[in-house]
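See structure below.
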Amino acid sequence: MLLPGATLGILGSGQLGRMLALEARRLGYRVQVFSPESDSPTGQVADREVVAAYDDLDAVAGFARGVDVVTFEFENVPAATAAAAAAHTLVRPNGAVLHTTQHRRREKDFLAGAGLPVTPYAAVDSLPELEAALKRIGLPAVLKTAGFGYDGKGQARINAASEAAAAWQAIGAQAAILEAWVPFERELSVVAARGADGDYRHFGVVENTHAQHILDLTVAPAAVPPEVAAEAVAISRVVLEALEVVGVLCVEFFLAPGGKLLVNELAPRPHNSGHFTLEACATSQFEQQLRAVCGLPLGATDQRAPAAMAQLLGDLWAGGEPNWAAALALPGVALHLYGKRVARRGRKMGHLTVPAPTVEEARARALAARAALTRETIRPHA
Ligand code: AMP
């Protein structure tokens, strides 16, 4: 068990690492981050930021020697990096979890092999294989790169057989997976944790809406029948236990017509659909990650109030600095900014969370707060 005062090492330096580091510091831990760039969102709030490339294995080894446990905030860390860290310190979750979840084909094979529901899919390594797979799987379908994909990057929808060649080129003619298109009614997720002692806790089922393939809004809890919620939680438990995760993992689902759940993908770390836990739950997903990787008892996950989380993308900066005062003037709005200097289109710059008496109110207030950011005039204080 690593008690407060121990040093947490984080591989990856974005906003997830930042919020993990802030929670770790609140609990009296030291934090070091391994980052490919300086002044990163996590580096800004850590005790130490080691700036090196993930494939600089000497730097990884030196980093690992200086910390008591290494965890990830980003799953696309090369397997060799995780192995280099594991040679010198405890790594949680283990490298096999990354290996499975950073590759869509391995991930789907794992899910299907565990008997969990997924959309029909096929591995595709060439255009003729894609054409054959389209005949089996049918249309529409979506072609995705097997590796290093997130937020819809490396994906092409195929509506007609004649589009196969263009889709193959669009994803860079590389190892891929073809999936049957799911005409989903909703997208749901479960953020859950597994402790070093095997304890399993979850934050319930939340509903996500995406814009430009990026998570835009989460409402918690999701308005789904109790049996659907129970099944999603049970599936998540199977995933965490089968992968022997020690840490937090998010399972993303499609809710298909007829109430059928299909697992879309896994993220072996805190997830943006779990940001609401910072304000709305007894323990946040970040504290839960810390507790799990340090071998502490997992915290209670009770949700104190319904909540909504709206992501703030760089697009909001198009007309100048957002009107922070206007959003903060609204009651109950918790603003999180990630310390990123440059606001690019589609870049996650921050989020806001609003707990409220009902999910509908939370959603309305979160959307109103975000809309207020791009209102032009800042009213001076009365
Ligand atoms: P992913 O990166 O796989 O999570 O995909 C990003 C988003 O694309 C998902 O959240 C869905 O909105 C959409 N999407 C991905 N795969 C499918 C599918 N097989 N059927 C329908 N929509 C999909």
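The values are calculated or read from the model by the stated rules, or taken from the named source; none is laboratory data. Computed from a predicted structure; not experimentally measured. Don't worry about glycine lacking a Cβ; one is built from the backbone with ideal geometry, like all the others, and counts go over all protein chains shown. For the accessible areas, the whole protein counts, side chains as well, though only heavy atoms, and no ligand, DNA or RNA atoms are used. Shrake-Rupley method; radii C 1.70, N 1.55, O 1.52, S 1.80 Å.
Below, the figures for the structure above:
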| item | result |
| --- | --- |
| Selection status of P93, assigned to a loop (DSSP other than H, G, I, E, B) and open to solvent by less than 10 Å² (accessible area, probe 1.4 Å) | yes |
| Unique residue being crowded, with 22+ Cβ neighbours inside 10 Å and in contact (Cβ under 8 Å) with a residue 24 or more places away in the chain when the list is V205, V224 | V205 |
| Candidate set from segment 105-121 (those that are within 12 Å of the ligand (Cβ to nearest atom) and not in a helix (DSSP H, G or I)); member that is most open to solvent (accessible area, probe 1.4 Å) | P120 |
| Among the residues listed as L127, L178, the single one being in contact (Cβ under 8 Å) with a residue 24 or more places away in the chain, of a type in the set (A, V, I, L, M, F, W, C) and more than 16 Å from N264 (Cα to Cα) | L127 |
| Residue match in segment 157-172 (condition: within 13 Å of the ligand (Cβ to nearest atom) and open to solvent by 30 Å² or more (accessible area, probe 1.4 Å)) | yes |
| Extreme residue, most open to solvent (accessible area, probe 1.4 Å), among residues of segment 45-62 that are touching a Gly at 6+ places or on another chain (Cβ under 9 Å) and under 18 Å from L290 (Cα atoms) | R48 |
| Candidates A211, A141, A133 - the one that is free of Cβ contacts under 8 Å to residues at least 12 places away in the same chain, within 15 Å of the ligand (Cβ to nearest atom) and open to solvent by less than 40 Å² (accessible area, probe 1.4 Å) | A211 |
| Hey, A166 out of contact with any Cys (no Cβ under 6 Å at 6 or more places or on another chain), without any contact (Cβ under 8 Å) to a residue 12 or more places away in the chain and not in a strand (DSSP E or B) or not | yes |
| Yes/no for A327 being surrounded by 20 or more Cβ atoms within 10 Å (Cβ to Cβ) and either touching a residue at least 40 places away in the same chain (Cβ under 8 Å) or closer than 14 Å to F203 by Cα (or both) | yes |
| Residue in segment 17-33 that is more than 15 Å from V293 (Cβ to Cβ), out of contact with any Asp or Glu (no Cβ under 7 Å at 6 or more places or on another chain) and aromatic (F, W, Y) present | no |
| Test: residue in segment 30-40 that is open to solvent by less than 10 Å² (accessible area, probe 1.4 Å), in a loop (DSSP other than H, G, I, E, B) and at pLDDT 95 or above | yes |
| Output for segment 173-202, where each listed residue is open to solvent by 10 Å² or more (accessible area, probe 1.4 Å), part of a strand (DSSP E or B) and within 16 Å of the ligand (Cβ to nearest atom) | A180, R186, E187 |
| Residue among L296, L312 that is at pLDDT 95 or above and in contact with a Leu (Cβ under 7 Å, 6 or more places away or on another chain) | L312 |
| Test: residue in segment 7-21 that is open to solvent by 20 Å² or more (accessible area, probe 1.4 Å), over 20 Å from H336 (Cβ atoms) and without any contact (Cβ under 8 Å) to a residue 60 or more places away in the chain | no |
| L337 closer than 30 Å to A6 by Cβ and of a type in the set (A, V, I, L, M) | yes |
| Qualifying residue in segment 267-284 (condition: at pLDDT 95 or above, within 16 Å of the ligand (Cβ to nearest atom), more than 30 Å from Y29 (Cα to Cα) and not in a loop (DSSP other than H, G, I, E, B)) | no |
| Scope segment 65-87; condition surrounded by fewer than 23 Cβ atoms within 10 Å (Cβ to Cβ), within 19 Å of L3 (Cα to Cα) and out of contact with any Cys (no Cβ under 7 Å at 6 or more places or on another chain); matching residues | R65, G66, D68 |
| Selection count, segment 127-149, where residues are under 19 Å from P183 (Cβ atoms) and within 30 Å of the chain's Cα centre (by Cα) | 9 |
| Residue list for segment 234-266, filter: assigned to a loop (DSSP other than H, G, I, E, B) and within 16 Å of the ligand (Cβ to nearest atom) | P257, G258 |
| Test result for A222, of a type in the set (G, A, S), in contact with a strand residue (DSSP E or B) (Cβ under 6 Å, 6 or more places away or on another chain), at negative phi and part of a loop (DSSP other than H, G, I, E, B) | yes |
| Number of the condition not met by V124 [criteria: (1) open to solvent by less than 10 Å² (accessible area, probe 1.4 Å); (2) within 21 Å of the chain's Cα centre (by Cα)] | (2) |
